[in-house]
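This report concerns only the one structure given below.
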Amino acid sequence: MTRVAVATAFGGPEVVRIVDEALAAPAAGQVSIEVKAIGVNPIDYKLYSGAFGSDPSTLPLHLGSEASGVVVAVGNSTSGPGGQISVGDEVIVSGAKGAYAEKLLVPADAVLPKPASLGWEAAAGLLVVAGTSYDALEVTKVAEGDTVLVHGAAGGVGSIVVQQAKARGARVIGTARPVNHDALRELSAEPVEYGDGLLERVQELAPDGIDVAIDTVGTDEAVDVSLALVSDKDRIVTIAAFERAAEEGFPSVGGGNPESAKRRKAARLDLVNSAGAGDFIVTVAKTFPLAEAATAHEELKAEHPRGKFVLIP
Ligand SMILES: NC(=O)c1ccc[n+]([C@@H]2O[C@H](COP(=O)([O-])OP(=O)(O)OC[C@H]3O[C@@H](n4cnc5c(N)ncnc54)[C@H](OP(=O)(O)O)[C@@H]3O)[C@@H](O)[C@H]2O)c1
């Protein structure tokens, strides 16, 4: 048996329940994991909000997609993206269904070796944000000498975009609440407050123009400012404003896009190793017991501290 968090209806965080479920032994190509930490992402609550459909036959919805933990059992001849998987391995689970659990049964392909230098919590919250960031930078071809505007630069995804764009040699201007400006400066980004007058403030900081705009927020302000500043629409990308992207004819990443999924899968091992080597840092803002998943979602939906939220089983 394992304890899991599920959404028993469509709605707000009040629909999240902790239940016990049976867990089978791993078949060939499967791995059982004792979970140490679970990454929390906005998509986890968006999925039961009804924003992506509310078919009652899909209930209860199993929540979460990423975790870290220890391998406790393996099926026959089990190898993953990082090679052979054995009992006792410390691993990262990525793209798994129902990661909000004490124990997981997952395909070996979802299991990557956790670098010893990464703690359980940072490892659990790594791959959604790092994969999304990498995808956005690849699509917009961010390279040395570019001036990049990042909307939501202090966010889970935004803070990795800042670090990965800097590593590519770009100048980065990032929007954030003033309380997060010092943290952006520490990442060598130039902070700017979002809200009325954003366009003028960015123009003042970058009179020679912006080459790339990466929107991790999805507001009309972020999209409108991006369109006003960047004439080449191929160098604007959003991870959240899918309708605006389709209407205006600029790219989005994620949201079921098969090219995104392919790019992220191909990069995931390198991203894990790169995080392990300290090339970029996933900041953990707060941990919650798994039983308080609903509270974590309530807080994540509101104005919240900078960094990832992580559940501990
Ligand atoms: N397409 C994909 O593959 C993909 C993958 C991951 C996430 N997402 C989506 O991307 C979004 C961000 O995810 P996340 O994990 O980075 O969330 P997050 O950690 O909550 O970060 C969101 C950021 O948005 C900023 N923000 C809030 N209101 C804003 C506003 N009105 N204008 C400008 N910035 C504002 C906040 O900055 P301050 O704290 O400084 O106010 C915060 O740093 C979510 O909608 C999520 O569902 C998409």
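The values are calculated or read from the model by the stated rules, or taken from the named source; none is laboratory data. These numbers were taken from a predicted model, which means no experiment stands behind them. Cβ: placed from backbone, ideal geometry, glycine included. Neighbour counts: every protein chain shown. In case anyone asks, the SASA skips ligands and DNA or RNA and just uses the protein heavy atoms, side chains included. Shrake-Rupley method; radii C 1.70, N 1.55, O 1.52, S 1.80 Å.
With respect to PRO289, is the statement that it is surrounded by fewer than 22 Cβ atoms within 10 Å (Cβ to Cβ), near the ligand (Cβ under 10 Å from one of its atoms), more than 19 Å from ASP135 (Cα to Cα) and in contact (Cβ under 8 Å) with a residue 12 or more places away in the chain true? Can you show your working first?
Working: surrounded by fewer than 22 Cβ atoms within 10 Å (Cβ to Cβ): yes; near the ligand (Cβ under 10 Å from one of its atoms): no; more than 19 Å from ASP135 (Cα to Cα): yes; in contact (Cβ under 8 Å) with a residue 12 or more places away in the chain: yes.
So PRO289 fails the test.
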### Message
So, in segment 294-313, how many residues would count as being surrounded by 17 or more Cβ atoms within 10 Å (Cβ to Cβ), assigned to a helix (DSSP H, G or I), touching a residue at least 60 places away in the same chain (Cβ under 8 Å) and within 16 Å of the ligand (Cβ to nearest atom)?
### Response
3
### Query
So LYS114 fits all but one of (1) surrounded by fewer than 20 Cβ atoms within 10 Å (Cβ to Cβ); (2) at pLDDT 95 or above; what number is the exception?
(1)
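Of all the strands (runs of 3 or more DSSP E) wholly in segment 1-61, which have at least 3 residues that are free of Cβ contacts under 8 Å to residues at least 24 places away in the same chain?
Details: elements: 2-7, 16-21, 30-40.
Per the criteria, no element qualifies.
Only one of GLU121, GLU144 is open to solvent by 10 Å² or more (accessible area, probe 1.4 Å) and under 17 Å from the mean Cα position of the chain (by Cα). Can you tell me which? Outline the logic, then answer.
On the way: GLU144 fails: under 17 Å from the mean Cα position of the chain (by Cα).
When all the criteria are applied, what remains is GLU121.
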### Task
List the helices (runs of 4 or more DSSP H) that sit entirely inside segment 118-188 and contain at least 1 residues that are of a type in the set (S, T, N, Q).
127-139, 156-167
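Let me confirm something: among ALA183, ALA206, which residue is within 26 Å of GLY249 (Cα to Cα) and either of a type outside the set (Val, Ile, Thr) or within 13 Å of the ligand (Cβ to nearest atom) (or both)?
Working: ALA183 fails: within 26 Å of GLY249 (Cα to Cα).
Answer to the check: ALA206.
Would you say SER68 is in contact (Cβ under 8 Å) with a residue 60 or more places away in the chain and in a strand (DSSP E or B)? Break it down stepwise before answering.
On the way: in contact (Cβ under 8 Å) with a residue 60 or more places away in the chain: no; in a strand (DSSP E or B): yes.
When the stated conditions are applied, SER68 does not pass them.
Could we say that LEU105 is touching a residue at least 60 places away in the same chain (Cβ under 8 Å) and open to solvent by 50 Å² or more (accessible area, probe 1.4 Å) here? Reasoning before the result, please.
Values: touching a residue at least 60 places away in the same chain (Cβ under 8 Å): yes; open to solvent by 50 Å² or more (accessible area, probe 1.4 Å): yes.
Criteria met by LEU105.
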### Task
Collect the residues in segment 77-94 that are open to solvent by 20 Å² or more (accessible area, probe 1.4 Å), part of a loop (DSSP other than H, G, I, E, B) and in contact (Cβ under 8 Å) with a residue 40 or more places away in the chain, keeping them in residue-number order.
SER77, PRO81, GLY82
## Note on the structure
Residue count, segment 233-255, condition in a loop (DSSP other than H, G, I, E, B), surrounded by fewer than 21 Cβ atoms within 10 Å (Cβ to Cβ) and over 14 Å from the mean Cα position of the chain (by Cα), comes to 2
